[in-house]
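The values are calculated or read from the model by the stated rules, or taken from the named source; none is laboratory data. Bear in mind that the values here come from a model prediction, so they are computed numbers and not experimental data. Quick reminder, even Gly has a Cβ in these numbers, built from the backbone with ideal geometry, and neighbours come from all protein chains shown. These accessible areas exclude ligands, DNA and RNA; they are computed on the full protein's heavy atoms, side chains included. Shrake-Rupley method; radii C 1.70, N 1.55, O 1.52, S 1.80 Å.
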Amino acid sequence: MKKVLPLAVTAALVAGCAADDPNRRAKTGAAIGAIAGAVLGHQINDEKGAVIGGVAGAVAGGVVGNYMDKQQLEFEQALAEEQRQHEIEIQRLEDESLKIDIASEVSFDFDSAELKPSFRPTLDKVADILQRYERTVVHVVGHTDSVGAEEYNQRLSERRARNVAEYFASRGVLSERLRAEGRGEREPRATNDTAAGRQLNRRVELYVKPIVEGQEREAYEAPAGPASWQ
């Protein structure tokens, strides 16, 4: 179950960083990430659906498309080489969210949830853009193939998603904007009967969802799974 970082803790962390410290944002994000231990949640007023004490606000509905256009362009420019190497795929979804697929082969060793050091510069690029587009919620979703026990695969997918989210927090992305979950082997992109299919199924997905005025709650809802590959 996802826990919520108490508002009082968040306020104390922010107050504890000097206002004139140029690295205040990064330090705040890292501190929150460390204390929360990737317990990445959010607080919402049930009556109004408004986000409490966290992110920088919401995007007006009339300009959300332009806001996400700019963010998508920056991702595509910053990650052009990774896309060329088929390490990352970037898609725009119908609800204006951005979906970034990360192949597990380039981000994790086999049967490991530890991020590969060679992939951290790529995540740094992503974190830099996420910091500058604060009016979004970032969902990190881990997936595996069907090799091995289902329960084990579920736990592995959770650890991988959590570690990616924790890394973003350590790079200054506020933890109130981050949610992590694992879906194990339940949502394959392709058949698990072939090596190529299993490779596609082993992945981490990022869903960058805009916080739209009057629809704030929707940004925090878990993203829908992929359409059936069959």
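Listed values, structure above:
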quantity	calculated
25 °C / 0.890 mPa s Stokes-Einstein diffusion coefficient of region 87-227, Kirkwood radius on C-alpha pairs, µm²/s	161
Region 59-89 and region 142-210: distance between their alpha carbon centers, rounded to Å	20
Spin-label model distance (nm) - residue 118 vs residue 63, 7 Å beyond Cα toward Cβ	4.3
Estimated FRET transfer efficiency when R0 is 25 angstrom, pair residue 93-residue 149 (beta carbons, to 0.05)	0.20
Estimated vicinal HN-Hα couplings, Hz - region 171-187 in sequence order (Karplus 6.51, -1.76, 1.60; Gly, Pro = x)	9, x, 7, 4, 5, 4, 8, 10, 10, 10, 8, x, 10, x, 9, 6, 10
Total charge dipole magnitude, region 114-210, about the Cα centre, Cβ charges on Lys, Arg, Asp, Glu only, Debye to nearest 20	300
Accessible area per residue in Å² at 1.4 Å probe, computed on region 94-195	41
Length gained when the stretch residue 81-residue 105 is fully extended (0.36 nm per residue, less Cα-Cα span)	7.0 nm
Extension gain, residue 196 back to residue 128 (0.36 nm per residue minus Cα-Cα distance, nm)	21.3 nm
Solvent exposure, largest accessible area first (probe 1.4 Å, DNA, RNA and ligands not counted), of 207, 167	167, 207
Solvent-accessible area, 1.4 Å probe, carbon plus sulfur percent, for region 141-221	43
Residues whose placed amide H lies under 5 Å from that of residue 212, excluding near-sequence neighbours	59, 219
